1. Can you order the peptides 48-59, 367-378, 448-459, 243-254 by their average number of other Cβ atoms within 10 Å per residue, highest first?
2. Please report the projected area of region 174-270's Cα convex hull averaged over all directions, in nm².
3. Bin by bin, in steps of 10 Å, what percent of the Cα pairs in region 267-307 do you find, going until the bin that has the longest distance?
4. Starting from the 7 Å offset along Cα-to-Cβ, what nm value, one decimal, do you get for the label separation of residue 430 and residue 200?
5. Taking R0 as 51 Å, what's the FRET efficiency between residue 15 and residue 301 from their Cβ-Cβ distance, rounded to 0.05?
6. If you take all C-alpha pairs in region 127-174, what percent of them are over 17 Å apart?
7. Among 284-294, 181-191, how do they line up by average Cβ neighbours within 10 Å per residue, starting with the highest?
8. Given contacts defined as C-alpha pairs under 8 Å and at least six residues apart, what's the relative contact order of the chain, whole-number percent?
């Protein structure tokens, strides 16, 4: 769609929003129910698309994408009536007689830009929240996941008119054209470099922005950790979707005393979960494209490779790789890996580990494996990060009651459940002043009596 077409589309969406068609709680619920039924009808189409784009198995597609989107839908349908209600709050005595209340209102027309690594979930989840909040939406899925983008486009066009929800496909040109338009809210999920461009473009119109980015998420393994279980859960979180997960453990930071034991357990667990030849495992996915494939291979140092790393260029598959004796100067530690490569670094004291983490940009996620409450408390109190787990990985993003988002360079804003509804809403503060009386204290001319009364109420 060219620029003039985009302007017409946005004009139509604003006209539709201004008509009030999206505002009632009933209309929002009906939109969500319609979306849910459509997802259920297209489950197999979505699974096939995810397999085509990323090699995801049907189980992984449902567990990590379609099922989570349906879960968010169900949560929103259960709670939407309560979320849309006005909430009465206390009124200061100085404002007697009046009623004060908070009233959530939709922004209007929002832009949702989604990434390629979880193209279904990370398109549908913010769309669910946006519709629940009463907005119209323009959705821009990633061109790197063409099969999923096509199915999503077909699904949405099947149930929503473009003046309500529109899907724009394409690459950088379309992204730039969209960012050149005025939206009432922008929600972006992707890399930090593009996130900066989104923020820069939004500044032109002072558009509020939510940025869900990434970073190098650490996984700290303490001496007290249950090593076999820790290895099992780390391997699951790291190699899920071939490491192409924004909250995947980017690297392990373990106590030097347990390094060898942990490496042995990780190797064993990789074999248990993916088999002796992971490239022959039909449930093990692939890298999204050649550029990312070669970038990831370039991060592997053969001198420090202690497990895996085999690859097939024809199928864009890289076997789970483990690197040991890694330093902060190695290439693999200079950028977010976003692939199936697990570097292992060590520390001597917990204080040193905390300094390591805090000396770098705040990560999107942090994981800690420890049986000691004092260690858990210290890490949580001293380290700044978006979200995380104690004695597990990645699962913190699976619940609608848990807000998901980054901090600092890993993002701004959060969503899921109530927080998602609020992220796409402006909460208005309103005072309804009664007319049956009007205290003269605030009006001039002022005198000593009025001042004394004001001081009594405002203290």
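Rule-based calculations on the coordinates, nothing more; no lab input. If you're wondering where the values come from, they're calculated on a predicted model, not measured in any experiment. Quick reminder, even Gly has a Cβ in these numbers, built from the backbone with ideal geometry, and neighbours come from all protein chains shown.
1. On the way: 48-59: 20.1, 367-378: 17.8, 448-459: 10.7, 243-254: 25.7.
Those peptides, ordered most packed to least, come out 243-254, 48-59, 367-378, 448-459.
2. Mean projected area for region 174-270: 8.0 nm², to one decimal.
3. Reading upward from the zero bin: 24, 42, 34, 0.
4. 4.1 nm
5. 0.35
6. Numbers: 370 of 1128 pairs.
Tail of the P(r) past 17 Å holds 33 percent of the pairs.
7. 181-191, 284-294
8. 19 percent
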